[in-house]
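Peer 1: Here it is: the structure, laid out below.
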Amino acid sequence: YDGDQVLHIVPETLHQVQHLQHLCSTLQLDLWKPLLPEDIRAGEDLQIRIPAPLVREVKDSLDQCTISYKVLIPDVQELVDQSMPRERSSHS
Amino acid sequence: PEGYIYTQYHPMEEIYQWMTQIQKSNKELVTQHYLGKTVENRPMYYLQISQPSDKTKKIIWMDCGIHAREWISPAFCQWFVKEILQNYRSDPKISRLLQNLDLYVLPVLNIDGYIYSWEKERLWRKNRSPYMNGTCYGTDLNRNFNSSWGSIGVSYNCSSEIFCGSGPESEPETRAVAQLIERKKSDILCYLTIHSYGQYILIPYGSTTTPPSNSEELMHVAEKAAAALTGKYGTSYEVGSTSSILYSNSGSSRDWAHMIGIPFPYTFELRDKGTHGFVLPPDQIQPTCEETMLAVTTIIDYVDQK
């Protein structure tokens, strides 16, 4: 999960919802909340994990549709390493 | 057990050892029972905490770790057991509960998935059931119970995180739990299933927006628990049915529990609200478990009083 990011988005319009549904389905992103693209709704929280190689592409796509986002977790692997005992973490 | 650190996450091997030790050190109260086997042939055990008595007692069921990546869930089950056993003599509330109720705790339901999340893929969710000649793995066990199975909020594609399996109770882990609960359902008052994340106490149903027959009471008790938690610890928990405040989904264990007649089933979604999500740092284990303990004991206390 090196470089994977978790984004928080609150889509505002139906168009943005449809764009996000399409993005999530085509790129098979890891939806943390909700779990299905069809459950993405305007005005509700969306939290997705983006694999590192797709981060730039996804952010560019969001920018093009003026969908604002917040980076909740800038590097998933760092958090993963924190939750494991030292001798098991990847860096060890 | 001496030296067991409840504020760290533990791999399955240590949890197995912990369970054995808990029974050995608390023989008067704790019995470890065999529940069944996982897909990968690992034994599933639950702990029965029961004060010796000639009274017939009702049962509180709690399971943790149905979704592998939600590590705070098994951490809470272990914390819960520890708190009960440390305090049942000195805490009048716990002492009273154990006079009337037996506690059944399954610390890790999805053992294979949990091990896989430790060894291979931290964010794994499902079990490790092979499909399509081993080219695809995993059923979402919380879509696999026989509660309007396969009808909504699921995928029929094994590659999905919410694949519901090949049929209701297709998975050995689901069957192991369902068979025990079915056998004991007339004595089970409360079915608690622990997940993360989101900070919710959820009532039935996920598969329909039609409320359960006792929805007012279910809400009242959940709101009481959430208020107690917020009042003491400041953490906010939302309360409601899964279908109304989250999304629709069929095949959940909690829905199934209510459908077979268990009156007080609840899903807990523990910390946090997305800052760390499934990868909750270990320094949050203690505050999460302390506040959840209060909410859970509030529910159990209500059921006991009733």
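Each reported figure results from applying straightforward, stated rules to the coordinates on display, with no laboratory input. Keep in mind it's a predicted model, so treat the numbers as computed, not measured. All Cβ positions, glycine included, derive from the backbone under ideal geometry; neighbour counts span all protein chains shown.
Peer 1: What is the distance in Å between the Cα centres of the stretch B:168-222 and the stretch B:62-133?
Peer 2: What the calculation gives is 15 Å, centre to centre.
Peer 1: Can you give the FRET efficiency to the nearest 0.05 for A:ASP2 and A:GLN28, using r as the Cβ-Cβ distance and R₀ = 22 Å? If you can, show how the numbers build up before the last one.
Peer 2: Values: r = 19 Å, r/R0 = 0.85.
It comes out at approximately 0.70.
Peer 1: List the aspartates and glutamates whose Cα sits under 17 Å from the Cα of B:LYS224, skipping any in the same chain fewer than 8 residues away.
Peer 2: Partners within reach: B:GLU216, B:GLU238, B:GLU269, B:GLU290, B:GLU291, B:ASP301, B:ASP304.
Peer 1: Taking K and R as +1 and D and E as -1, what net charge do the other residues with C-beta under 15 Å from the C-beta of B:MET19 add up to? Each step should come with its number before you reach the end.
Peer 2: Numbers: positive: B:LYS24, B:LYS27, B:ARG42, B:LYS82; negative: B:GLU13, B:GLU14, B:ASP63.
Taking every other residue near B:MET19 into account, the sum is +1.
Peer 1: Moving on. Starting from the Cα of A:LYS70, draw a straight line to each of the lysines and keep only those under 22 Å, dropping any in the same chain fewer than 8 residues away.
Peer 2: Excluding near neighbours in sequence, the set is A:LYS33, A:LYS59, B:LYS273.
Peer 1: Let me ask you something else. Out of residues 5 or more away from B:LEU192 or on other chains, whose amide H comes under 5 Å of its own, with H placed 1.01 Å from N in the peptide plane?
Peer 2: B:TRP61, B:MET62, B:ASP63, B:TYR266
Peer 1: Sticking with this structure for a sec: Tell me what chain B gives for mean residue ellipticity at 222 nm when only DSSP H runs of n ≥ 4 count, each as -39,500 (n - 2.57), the sum divided by the residue total, rounded to 500 deg cm²/dmol.
Peer 2: Numbers: 9 runs with 112 residues, N = 306.
Rounded to the nearest 500, the figure is -11500 deg cm²/dmol.
Peer 1: With the contact rule set at Cα under 8 Å and sequence spacing of 6 or more, what percent relative contact order holds for the stretch B:158-306?
Peer 2: Taking the mean separation of contacting Cα pairs over the length of the stretch B:158-306, I get 35 percent.
Peer 1: How big is the protein assembly as shown on each of its three principal axes, counting only the C-alpha atoms and giving the largest first in Å?
Peer 2: Cα spread of the protein assembly as shown along its principal axes, largest to smallest: 69, 50, 47 Å.
Peer 1: Which residue, chosen from B:GLN8, B:VAL30, B:ILE152, occupies the Cα position most advanced towards the positive end of the dipole of the protein assembly as shown, where the dipole is computed from +1 (Lys, Arg) and -1 (Asp, Glu) charges on Cβ about the Cα centre?
Peer 2: The one lying farthest along the dipole's positive direction is B:VAL30.
Peer 1: Given charges of +1 on the Cβ of Lys and Arg and -1 on the Cβ of Asp and Glu, with all other atoms neutral, how large is the dipole of chain A about its Cα centre, in debye to the nearest 20?
Peer 2: The calculation lands at about 60 debye.
Peer 1: How would you classify chain B from its alpha-carbon gyration tensor, with a ≥ b ≥ c the square roots of the eigenvalues: rounded for a/c under 1.5, else prolate if a/b is greater than b/c, otherwise oblate?
Peer 2: Rounded.
Peer 1: Which Rg and Dmax, in Å, describe the Cα atoms of the stretch B:106-222?
Peer 2: 15.5, 48
Peer 1: Turning to a different aspect of this structure: Under 19 Å Cα-Cα from B:LYS57, which lysines qualify once same-chain neighbours fewer than 8 residues away are excluded?
Peer 2: B:LYS27, B:LYS93, B:LYS184, B:LYS185, B:LYS306
Peer 1: Taking a ≥ b ≥ c as the square roots of the Cα gyration tensor eigenvalues, with a/c under 1.5 meaning rounded and otherwise prolate when a/b beats b/c, else oblate, which class fits the stretch A:1-58?
Peer 2: Prolate shape, in that a/c is at least 1.5 and a/b is the bigger ratio.
Peer 1: Counting only other chains, and only Cβ atoms inside 10 Å, what mean value do you get across the residues of A:32-40?
Peer 2: Neighbouring Cβ atoms belonging to other protein chains average 6 per residue here.
Peer 1: Which whole-number percent is the relative contact order of chain B (Cα, under 8 Å, 6+ apart)?
Peer 2: 20 percent
Peer 1: Only Lys, Arg, Asp and Glu count, each charged at its Cβ (+1, +1, -1, -1), so figure out the dipole size of the protein assembly as shown about its Cα centre, rounded to 20 debye.
Peer 2: 960 debye
Peer 1: Right, another one. Looking at the square roots a ≥ b ≥ c of the eigenvalues of the Cα gyration tensor of the stretch B:14-55, which shape do they give, rounded for a/c under 1.5, prolate if a/b is larger than b/c, or oblate? Each step should come with its number before you reach the end.
Peer 2: On the way: a/c = 4.78, a/b = 1.74, b/c = 2.75.
Taking the square roots of the gyration eigenvalues as a ≥ b ≥ c, the stretch B:14-55 is oblate.
Peer 1: With unit charges on the beta carbon (Lys/Arg positive, Asp/Glu negative), name the residue among B:THR275, B:SER213, B:SER241 whose Cα is farthest towards the positive pole of the charge dipole of the stretch B:151-306.
Peer 2: The residue sitting most towards the positive pole is B:SER213.
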